[in-house]
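Undergrad: Right, I'll just put the structure down here and ask away after.
We did not get these values from a lab; they are worked out from the coordinates using the rules stated. Everything quoted here is computed from the prediction, not taken from an experiment. As a convention, Cβ positions derive from the backbone with ideal geometry for all residues, glycine included, and neighbour counts pool all protein chains shown.
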Amino acid sequence: MATTFEHKLMKYDQKWKGFDYGAIERDLVDLGAEGWEVVSTIVPSMGSGHTTEIAVLLKRTLA
């Protein structure tokens, strides 16, 4: 039988002073404790490579 997953996309916007990496880490630690695993990140750039958001794709096994 194939393993079935559920997926979640978390989006983080750049604030006035940059990204809040501490908040991102806290979210990922909390989600990891719930069984979520990071699969990929999406970091779109605008113009000359300027990034305004980070998206994190997660998955976990459905019971």
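Undergrad: Being among the polar types (S, T, N, Q) and either touching a residue at least 12 places away in the same chain (Cβ under 8 Å) or outside any loop (DSSP other than H, G, I, E, B) (or both): is that true of S48 here? Explain how you work it out, then say what you get.
TA: Working: among the polar types (S, T, N, Q): yes; either touching a residue at least 12 places away in the same chain (Cβ under 8 Å) or outside any loop (DSSP other than H, G, I, E, B) (or both): no.
For S48, the condition - among the polar types (S, T, N, Q) and either touching a residue at least 12 places away in the same chain (Cβ under 8 Å) or outside any loop (DSSP other than H, G, I, E, B) (or both) - is not met.
Undergrad: Restricting to the range 51-63, count the residues that are touching an Asp or Glu at 6+ places or on another chain (Cβ under 8 Å), aliphatic (A, V, I, L, M) and assigned to a loop (DSSP other than H, G, I, E, B).
TA: Within the range 51-63, residues that are touching an Asp or Glu at 6+ places or on another chain (Cβ under 8 Å), aliphatic (A, V, I, L, M) and assigned to a loop (DSSP other than H, G, I, E, B) number 1.
Undergrad: Another one. For the range 1-45, how many residues meet the condition of being under 14 Å from the mean Cα position of the chain (by Cα) and either among the aromatic types (F, W, Y) or in a helix (DSSP H, G or I) (or both)?
TA: So the answer is 15.
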